[in-house]
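The values are calculated or read from the model by the stated rules, or taken from the named source; none is laboratory data. Remember, predicted model here, so these are calculated numbers, not experimental data. Glycine gets a Cβ as well: all are built from the backbone with ideal geometry, and neighbour counts include every protein chain shown. Accessible surface is based on the protein model in full, side chains and every heavy atom, while ligands, DNA and RNA are left aside. Shrake-Rupley method; radii C 1.70, N 1.55, O 1.52, S 1.80 Å.
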Amino acid sequence: QLAVSRTVLRCHLDKVHPGSMVASLSIPWGNSRDDQGGYHLVWPRDLVECATALLAVGSVSESREVLRYLIATQYPDGHWNQNQWLGGTPFWQGVQLDEAALPVILAALLAEHDLLDGMEVKDLVRRALGFVVRVGPVTDQDRWEEDRGINAFTLAVCIAALVAGSQFLDRDAASLVLDVADAWN
């Protein structure tokens, strides 16, 4: 089952844009309506979750490529597209708070296992956490693109990112994000 799972994850990786990965091969293949969008796009949330799964099965290089892709596609204000084509062109225009927080968790996870190997992530973390603090804890869209407000999943991801990402910040910024994490908790 482990080998099959690893194979399925790797089938979602793009060969042209290293580190990009569609959320699922299920749409548009087998779709029931004509809709250009769907899970054959890159969703930062799904991308990070897949990268952590790849890391868990020993695919370190693929996980690092995902982080590089995220560094390359982050907006200056710290967020990522809600979803995008493999090359980075946005599809939907929403912004989801967990999709700004999860890349920080991936960076912290790679750092925890001493796998950054010279990859510079401080700017990614600083901008992402700045966005989370400025925009959160309320989000215009939850992870299902349906509701505005505070979502338990999104809030937990943001708190975890604030705590995990604090190690990459200077002392004052780290103190601020940890205070925000405590308040939101």
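Being at pLDDT 95 or above and assigned to a helix (DSSP H, G or I), is that true of even one residue in segment 2-10? Steps first, please.
Narrowing segment 2-10 to residues at pLDDT 95 or above: none.
So far as segment 2-10 goes, no, none of its residues is at pLDDT 95 or above and assigned to a helix (DSSP H, G or I).
Evaluating Ala111 against the criteria (1) at pLDDT below 95; (2) more than 23 Å from Tyr39 (Cβ to Cβ); (3) not aromatic (Phe, Trp, Tyr) leaves one unmet condition, (1). Could you tell me whether Trp144 is of a type in the set (Phe, Trp, Tyr) and out of contact with any helix residue (DSSP H, G or I) (no Cβ under 9 Å at 6 or more places or on another chain)? So Trp144 passes the test. Looking only at segment 75-83, decide whether some residue is on the phi > 0 side of the Ramachandran plot, open to solvent by less than 10 Å² (accessible area, probe 1.4 Å), in a loop (DSSP other than H, G, I, E, B) and in contact with a Phe, Trp or Tyr (Cβ under 9 Å, 6 or more places away or on another chain). Within segment 75-83, one or more residues are on the phi > 0 side of the Ramachandran plot, open to solvent by less than 10 Å² (accessible area, probe 1.4 Å), in a loop (DSSP other than H, G, I, E, B) and in contact with a Phe, Trp or Tyr (Cβ under 9 Å, 6 or more places away or on another chain). Taking the criterion of being free of Cβ contacts under 8 Å to residues at least 40 places away in the same chain and of a type outside the set (Ser, Thr, Tyr), the residues of segment 73-99 that qualify are Trp80, Asn81, Pro90, Gln93. Kindly establish whether Gln93 is touching a Phe, Trp or Tyr at 6+ places or on another chain (Cβ under 9 Å), surrounded by fewer than 23 Cβ atoms within 10 Å (Cβ to Cβ) and not hydrophobic (A, V, I, L, M, F, W, C). Criteria not met by Gln93.
Take segment 174-185 and flag every residue that is in contact (Cβ under 8 Å) with a residue 24 or more places away in the chain, open to solvent by 70 Å² or more (accessible area, probe 1.4 Å) and of a type in the set (A, V, I, L, M, F, W, C).
Across segment 174-185, the qualifying residue is only Leu176.
Taking each residue of segment 36-65 that is closer than 19 Å to His79 by Cα and looking for partners that are open to solvent by 40 Å² or more (accessible area, probe 1.4 Å) and outside any loop (DSSP other than H, G, I, E, B) with beta-carbon atoms closer than 7 Å, six or more apart or interchain, yields Val48/Ile105.
What number of residues within segment 143-173 are in contact (Cβ under 8 Å) with a residue 12 or more places away in the chain, open to solvent by less than 70 Å² (accessible area, probe 1.4 Å) and not hydroxyl-bearing (Ser, Thr, Tyr)? Full working, then the answer.
Here is the first cut: in segment 143-173, the ones in contact (Cβ under 8 Å) with a residue 12 or more places away in the chain are 143, 145, 150-151, 153-155, 157-169, 173.
Narrowing the set further to residues that are open to solvent by less than 70 Å² (accessible area, probe 1.4 Å) leaves 145, 151, 153-155, 157-162, 164-166, 168-169, 173.
Narrowing further to those that are not hydroxyl-bearing (Ser, Thr, Tyr): 145, 151, 153, 155, 157-162, 164-165, 168-169, 173.
Residues that pass the stated criteria total 15.
Name the single residue that is least open to solvent (accessible area, probe 1.4 Å) among those in segment 99-123 being of a type in the set (D, E, K, R) and not in a loop (DSSP other than H, G, I, E, B).
Going residue by residue through segment 99-123, those that are of a type in the set (D, E, K, R) are 99, 112, 114, 117, 120, 122-123.
Pick out the ones that are also not in a loop (DSSP other than H, G, I, E, B) and you get 99, 112, 122-123.
On the way: Glu99: 1, Glu112: 139, Lys122: 114, Asp123: 68 Å².
So the residue we want is Glu99.
Taking the criterion of being basic (Lys, Arg) and within 15 Å of the chain's Cα centre (by Cα), the residues of segment 101-159 that qualify are Arg126, Arg127, Arg143.
Within segment 11-49, track down each residue that is hydroxyl-bearing (Ser, Thr, Tyr), at pLDDT 90 or above and within 15 Å of Trp92 (Cα to Cα). Outline the logic, then answer.
Here is the first cut: in segment 11-49, the ones hydroxyl-bearing (Ser, Thr, Tyr) are 20, 24, 26, 32, 39.
Within this subset, residues satisfying the condition of being at pLDDT 90 or above are 20.
Passing the criteria: none in range.
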